[in-house]
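Worksheet: one structure, shown below.
The values are calculated or read from the model by the stated rules, or taken from the named source; none is laboratory data. Fair warning: this is a prediction, and the values are worked out from it, not measured in the lab. Note that each Cβ is placed from the backbone with ideal geometry, even for glycine, and that neighbours are counted across all protein chains shown.
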Amino acid sequence: MERHKAYIAMLFIQFVYAGMALFSKAAISKGMNPFVFVVYRQAFASLALAPFAFFLESSKEAPLSYTLLCKIFLVSLSGITLSLNLYYVAINYTSATFAAATTTLIPAITFFMAVLLRMESISMKHLYGVAKVLSSLTSLSGALVFALVKGPSINFNWFPSNQRQIPHSSSSSTGRDWLKGSLIMISANTAWALWLILQGPIIKQYPAKLRLTTLQCFFSCILSAFWALAFERNPSAWKIGWDIHLLSVVYCGVIVTGITYWLQVWAIEKKGPVFTASFTPLSLIITAVFSAIMWKEAIYLGRSISLSIIHFISVWC
């Protein structure tokens, strides 16, 4: 059981990330500013994690020097802050399923970054090295497969047909905006891959994982607040009520940022960043299925089979 914990944790994380794509798309489609969304999300995450970090890791000896604090700040800026803000801008132009589809690029980006930084080694003379390269190239082709391969559509008729699909914003109605959203989403995934890579060295210097996650959430909240204030000057955009906006930021803040970030840091420490990133394609399959059930988005057999194969190869090669 012990050796399977990392696999179970990563499966749980992908289900949570699928929920993130669905809830955040719902909130932003209903008018919530993407930058404000990130600020609230990170604020809830910081508040949720702080008590656990204080009580559960108070006995851990993890000295925090000024240099290390600056490193954590820069990691929060380059990874979490940049990645999240770009992600939520991009999802406004596209869809939850498309957002999940582009995350299939993360394993390949992470692998190539790790090789360039000499955190991963490959040897084409051995089967294991060939499998690593094959896995990354397969993940890289995931977004292309999703865009080109369709096949017959699959209908989900278990729910009443009067459920309404959440409308896309007007900005996502043109091909130009979809292209813009795609490029922004790829940038977000690149920033996220960089964050995964940088976690390894930081964990070695600061092994208190809960405190590390809390600090990164706090820094990203402050940085995102400056970002939001620069782009959104309307005070009414910061108002939040008892609706899908509040549900989404609480879910993304407490469950996604609070719990899964800590689990992901733990998985990176155990198995490395490439292993962690290789599970990413699974969230696409989950998101596509639930989008079809909840919002009546079309889901195609060809895409489902292709992406299932991609996920299998990415994880087990």
Check your understanding: Only one of (1) within 23 Å of residue 251 (Cβ to Cβ); (2) at pLDDT 90 or above fails for residue 71. Which number is that?
Key -> (1)
Exercise for review: Take the residues in the stretch 240-272 that are more than 17 Å from residue 221 (Cα to Cα) and out of contact with any helix residue (DSSP H, G or I) (no Cβ under 8 Å at 6 or more places or on another chain), then tell me which one is surrounded by the most Cβ atoms within 10 Å (Cβ to Cβ).
Suggested key: 243
Practice item. Could you figure out which of (1) in contact with a Ser or Thr (Cβ under 6 Å, 6 or more places away or on another chain); (2) touching a residue at least 40 places away in the same chain (Cβ under 8 Å); (3) buried (at least 21 other Cβ atoms within 10 Å of the Cβ) isn't true of residue 108? Key: (2)
Point to revise | Matching residues in the stretch 68-107 - criterion: being hydroxyl-bearing (Ser, Thr, Tyr) and either in a helix (DSSP H, G or I) or over 12 Å from the mean Cα position of the chain (by Cα) (or both) | key: 76, 78, 81, 83, 87, 88, 93, 94, 95, 97, 102
Check your understanding: Which members of the stretch 13-65 meet the condition of being under 17 Å from the mean Cα position of the chain (by Cα), under 18 Å from residue 211 (Cβ atoms) and aliphatic (A, V, I, L, M)?
Key -> 45
Practice item. Run residue 32 past the list (1) assigned to a helix (DSSP H, G or I); (2) closer than 20 Å to residue 86 by Cβ; (3) aliphatic (A, V, I, L, M) and report the number of the one that doesn't hold. Key: (1)
Practice item. Starting from residues that are under 12 Å from the mean Cα position of the chain (by Cα) and hydroxyl-bearing (Ser, Thr, Tyr), keep the ones in the stretch 274-294 and report whichever is modelled with the lowest pLDDT. Key: 280
Practice item. Out of 29, 46, report the one residue that is under 30 Å from residue 294 (Cβ atoms) and either at pLDDT 90 or above or among the acidic types (Asp, Glu) (or both). Key: 46
**Study point:** Condition check for residue 209: basic (Lys, Arg), on the phi < 0 side of the Ramachandran plot and at pLDDT below 85
**Key:** yes
Exercise for review: Determine if the stretch 178-201 includes at least one residue that is farther than 19 Å from residue 85 by Cβ and at pLDDT 90 or above.
Suggested key: no
